[in-house]
């Protein structure tokens with residue numbers, strides 16, 4: 001974990017301690033005791049030191065990052081950390097686990113690092129006998145991937161699920177097409193190295209002032225707040241992989257397995273960020289956040305017209321969220337908008353085919369927004385978002401790396417191993433005013 005993050009978390013703990021003292025005195029309708037005043041003064045001094053330390057650590061971290069980038073550009077070669085991380089062999093890590101042998105080498109170092117990360121979070125129970133990949137190694141391996149079963153000789157024709165990538169036959173493999181993680185690619189923050197729950201206070205309404213007469217009483221103008229909490233939610237799934245594929249160790253196979261392991265995480269993160277229900281241990285996505293502005297078309301839904309898009313634009317502007325917004329919708333609605341003429345004679349359409357813009361806003365389509373919503377008698381309705389997507393408006397949280405549990409028994413007869421994947425993540429909208437959503441779009 002970065003030092004700056006650690007200092008910020010210590011500062012938050014001290015402020016929470018002070019808040020408890022103040023709330024106790026308020027609840028008991030009394031003044032602070034001399035001892036409480038001394039304690040609060042000590043907390044105030046500690047908070048100031050922690051704030052300075054956090055600022056200094058952040059400055060150092062930013063400088064180190066810039067220096068590393070400059071060195072990479074000048075030398076045209078990977079930095080030492082990347083070269084070191086390149087020693088990691090995922091297949092060897094998995095194979096040792098399956099063989100009940102003692103782990104050694106660089107894989108052992110990564111296992112120990114991951115154990116430290118998970119143990120730093122008291123709310124997470126981790127199996128230290130599982131294959132654990134730390135956050136730093138994940139950053140080196142991460143890509144846009146998806147989950148599917150792999151075997152060396154399986155599929156039709158034989159070998160289509162993995163065998164064609166055996167090193168003695170080919171130098172690589174052709175991946176299936178994947179849905180891009182739109183939110184991260186457009187700039188949503190990924191907070192890594194988190195320890196414990198992270199509370200943030202979000203302003204719901206700001207203080208407003210009014211012009212008064214010379215001796216009139218000023219009206220109360222207190223802002224209102226809402227607390228959001230980032231906490232580790234377990235994201236889990238599994239893939240089946242053949243023992244033969246693990247044994248046929250090669251760089252291409254190792255990358256393939258890593259791609260498959262990490263793809264489910266990337267896909268699930270994006271889907272949760274856009275449309276997570278906020279129930280069943282799932283995060284609350286943008287379209288389901290009750291504080292995000294909405295635009296409704298009709299009782300049973302309806303087509304999204306130019307007038308509707310301009311209404312969304314107005315809602316966003318009134319919430320002060322119109323800072324380089326993007327328009328994001330479903331694939332069926334993109335198709336609909338590309339054939340919806342702006343007027344009767346210009347030959348222009350709501351979704352510009354040349355610039356991929358909607359009302360001058362960069363437009364994107366994703367399968368991670370729902371297209372099966374209902375309203376009244378309307379069904380198969382699509383969603384759309386107009387909003388500023390960046391590190392200030394929304395964020396993901398990540399606790400540690402990932403845990404991979406080997407299950408060699410369930411499919412032992414078919415020579416396969418079941419790999420159960422666990423990761424701990426969360427998502428929150430930070431600035432509701434940065435978005436406006438529509439959830440009743442007819443696309444037929």
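Laboratory data are not the source of any read-out in this text; all were calculated from the coordinates shown. In this text the structure is predicted, and so the values were computed from the model without any measurement. Here the Cβ positions follow ideal geometry from the backbone for every residue, glycine too, while neighbour counts run over all protein chains shown.
In table form, for the structure just shown:
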{"item": "Distance between modelled label sites at residue 30 and residue 352, nm, 7 Å Cα→Cβ extension", "result": "6.8"}
{"item": "Length released on extending from residue 360 to residue 19, taking residue separation times 0.36 nm less the Cα-Cα span", "result": "118.1 nm"}
{"item": "Using a Förster distance of 56 Å, the FRET efficiency for residue 300-residue 199 (Cβ separation, nearest 0.05)", "result": "0.85"}
{"item": "Projected label distance in nm at residue 139 and residue 58, using a 7 Å step from Cα toward the beta-carbon", "result": "1.7"}
{"item": "Inter-label distance, nm, simple model (7 Å from Cα along the C-beta direction), residue 39/residue 209", "result": "3.7"}
{"item": "Extension gain (nm, one decimal) between residue 341 and residue 310, 0.36 nm per residue minus Cα-Cα", "result": "9.6 nm"}
{"item": "Chain lengthening between residue 190 and residue 236 when straightened (0.36 nm per residue, less Cα-Cα)", "result": "14.7 nm"}
{"item": "Where only alpha carbons of segment 333-406 are counted, the Rg and the Dmax (Å)", "result": "18.1, 63"}
{"item": "√(5λ) per eigenvalue of the Cα gyration tensor, segment 8-66, largest first, Å", "result": "33, 11, 5"}
{"item": "Nearest-0.05 FRET efficiency for residue 51 and residue 331, computed from C-beta distance (R0 60 Å)", "result": "0.80"}
